[in-house]
Each structure stands twice: as C-alpha cells, then as structure tokens.
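The structure appears right after this line, and notes come after that.
Every read-out reported here was derived from the displayed coordinates using simple, explicitly stated rules and does not represent laboratory data. Bear in mind that the values here come from a model prediction, so they are computed numbers and not experimental data. Here the Cβ positions follow ideal geometry from the backbone for every residue, glycine too, while neighbour counts run over all protein chains shown.
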Amino acid sequence: MARVIVKLGGGLITDKSEYKQVRLDRVDAVSAVIRELRNCGHSVIIVHGAGSFGHLEARKWRLSEGFDSEISEEQELAVTRVRSDMDDLNEYVIESLRSYGVESEVLPPRYWATGIGVDFQGDLGSFSRDPTEPVPITFGDVVATHDHTRFGILSGDHIMVRLGKEIPDVSACIFLLGDADGLMDRPPDEPGAKLLKTWGVDEDFSDSHNSEVDVTGGILLKAKCASLIARSVEHVWLLNGTTPERMLGVVSSGQAIGTRVLR
C-alpha cells in the first residue's frame, strides 16, 4: 500500500488578502483528485494551511511570538478566534471531500500536539490508516507550549515533516501551491520566471514570501521542510494546486510539471 501526504497551501484554498475568503473551486478540484487517488488504492493524509482564516488575526496579535503580558487579554481572544476560524476552514474541506464521496476525520493539533517547530510533541499514530478508512485531516493551529511562551503556532509544514518521517509506507509528499508551478528562479509574477524542475537544499531560489500576511514562513519554510522529508520519502514535490491532477503523475510515474525536492 502506498501512502500519499498532501499539503493544501493556505494561499491555494483561500484569498489571503481577504479575511475568511475560501476558494471553493480549488478545494473541490483537489477533492476530486483525492477521490481518484483513493480509488487507485492509495492511503491519503491531508494537511492544510490557514491562509486568510488564520494568518491575519495571528499576525495582528503576534500569536507566533507567544504570550505577551501587555496584550494578554487580546491574545486570549485571538487564540479562540483563530482556532474557530481554522475549524470553519476545515469544515469547507471536509464538506468538499464528502461531496466527492470521501469520508474524513479531522485531528486538530490543539488536541494532540504541544510545542512548535519540527520537534513538537504529539502522537501521530492516528494518521496511519488503510485506504478504506476515513482520510485523516489536520492543519496549522495554535497549540500550547511548555515554556514561558505558553502558546504558539504549529505550522502545517512542520507537521508534514513529522508525518513524512514517522508514518510508514509513505511514497509521496506533495505540497500544493497557489501561485506557481513549483519553486521558481524569481518571483512567479515577474517576467521570465522559470520553474526549477529539481531543487536541493543548497540551491538558491526566489523567496516571494509576503511577511505582511504569512506568519509561518511562506515558500522558504515549505522548501526547507520538503528537503527534510526528502531524506525519508522518495517523491517530494511542490506542485501548482490549481492543476491538482498533476499529483496523479507523481504517484503513477514519478513525473509531473513541478519541482521535485531532492535529499
């Protein structure tokens, strides 16, 4: 049995410039491919980002920096709002999958993980499932920490690393982007931008990360996390999520338009 882990970037499934604006057509397109992967006998794990359902509020109240006594009351309210917003976004994903005949189960990190970064603590055993069982879904979330910060943001990209390294039989980890075919040699909206068909951690690429919106590191973090996964998983790719059918090429032949990340 081959297992495929898919990360739906927040910039793919939401409009990051507008608060809580989901792109349902993109979610549905991914759900259709997930159904096809399952029909082919693959076990699938889904991780999704926050986009405009989490980053804007988290940035406003500096949630990624942890507890701040000067704004503690506002932060407490913001943590509740961000978690609620993430649940709302997750519900869109669940309902989209259901409309394509794919049952799923959500596993919010706030209930099973503590700490942030790739060394967070948490039991990942619930993500290891047969293809006939409900698809496990998780996402970037505000989680508790064990130090003075009290809380922080556990990125979905860091969850991807741990899943890729610790869950058995993973044949592919795929990061679906919202604005490019993969890693580019310059910002994708610049004329002449070229796709990097392969990428290793020692190579340069353009980081078009928008720090005004994204609080978890943008494309640079995705690439670094992908390189960590590539030490354990043969096929690690960054693909254009607006053409999610390219995932089928990765799992069937190891070929696709996108960036293959090398160990």
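Quick notes on this structure:
- Within segment 224-239, tally of residues that are in contact with a helix residue (DSSP H, G or I) (Cβ under 9 Å, 6 or more places away or on another chain) and surrounded by fewer than 21 Cβ atoms within 10 Å (Cβ to Cβ): 4
- In segment 156-179, the residues that are farther than 20 Å from S128 by Cα and surrounded by 20 or more Cβ atoms within 10 Å (Cβ to Cβ): L176, L177, G178
- Candidates are the residues of segment 14-33 that are within 25 Å of V233 (Cα to Cα) and of a type in the set (V, I, T); the one that is surrounded by the fewest Cβ atoms within 10 Å (Cβ to Cβ) is V33.
- S84 vs. criteria free of Cβ contacts under 8 Å to residues at least 12 places away in the same chain and either out of contact with any Asp or Glu (no Cβ under 9 Å at 6 or more places or on another chain) or crowded, with 17+ Cβ neighbours inside 10 Å (or both): yes
- Screening S72, S43, S52 for residues that are farther than 30 Å from E133 by Cα, of a type in the set (S, T, N, Q) and in contact (Cβ under 8 Å) with a residue 12 or more places away in the chain leaves exactly one candidate, S52.
- Residue list for segment 34-47, filter: in a helix (DSSP H, G or I) and surrounded by 21 or more Cβ atoms within 10 Å (Cβ to Cβ): I34, L37
- Qualifying residue in segment 118-141 (condition: of a type in the set (S, T, N, Q), surrounded by fewer than 16 Cβ atoms within 10 Å (Cβ to Cβ) and assigned to a loop (DSSP other than H, G, I, E, B)): yes
- Qualifying residue in segment 97-117 (condition: surrounded by 18 or more Cβ atoms within 10 Å (Cβ to Cβ), of a type outside the set (A, V, I, L, M, F, W, C) and touching a residue at least 60 places away in the same chain (Cβ under 8 Å)): no
- Residue match in segment 12-29 (condition: over 19 Å from I174 (Cα atoms), assigned to a helix (DSSP H, G or I), among the polar types (S, T, N, Q) and in contact (Cβ under 8 Å) with a residue 40 or more places away in the chain): no
- Taken together, the residues in segment 55-69 that are in contact (Cβ under 8 Å) with a residue 60 or more places away in the chain, assigned to a helix (DSSP H, G or I) and not charged (D, E, K, R) amount to 5.
- Sole residue being without any contact (Cβ under 8 Å) to a residue 12 or more places away in the chain and of a type in the set (V, I, T), chosen from T132, T149: T132
- Lone unmet requirement of (1) surrounded by 16 or more Cβ atoms within 10 Å (Cβ to Cβ); (2) under 19 Å from the mean Cα position of the chain (by Cα) for V79: (2)
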